[in-house]
1. Output ³J(HN,Hα) for region 70-80: one whole-Hz value per residue in order, computed from phi by the Karplus curve 6.51 cos²θ - 1.76 cosθ + 1.60 with θ = phi - 60°, and x for Gly and Pro.
2. Could you check the simple spin-label distance between MET73 and ALA53, using points 7 Å along Cα→Cβ, in nm with one decimal?
Amino acid sequence: MRSVAQTFGISAHNCPGEVVESEDNHFLEPSTYIDPLAIPEACARDAPLLQAASINAIRVYSVDSSLNHDACMKTFSDAGIYTMCAPCILADLATHS
């Protein structure tokens, strides 16, 4: 089963990858991680699709705190879509394929 965000284009969890511990990687993100809430064009594209499917919540596994998320958060808020952030852990990934 695919996650809603994967189905509609935002890669919700790109967690597999080599994690490099460093001063600027406080949340231990993999080096291949792409923050889905930092791509305003993708959020603007996907929000109407999520609304049309009567989806009112999305789960994002992690965000890059150094990036700006204002546009995506406003887009989803205006669409009545709740955004939940949850840490990416290997046990959790085992349930999503």
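1. 4, 5, 5, 5, 5, 4, 5, 4, 4, 8, x
2. Between MET73 and ALA53, the simple spin-label model gives 2.4 nm.
Just so you know, all these numbers are worked out from the coordinates, no wet-lab data involved. Fair warning: this is a prediction, and the values are worked out from it, not measured in the lab. Methodologically, a virtual Cβ is constructed for each residue, glycine included, from the backbone with ideal geometry; neighbour enumeration extends over all protein chains shown.
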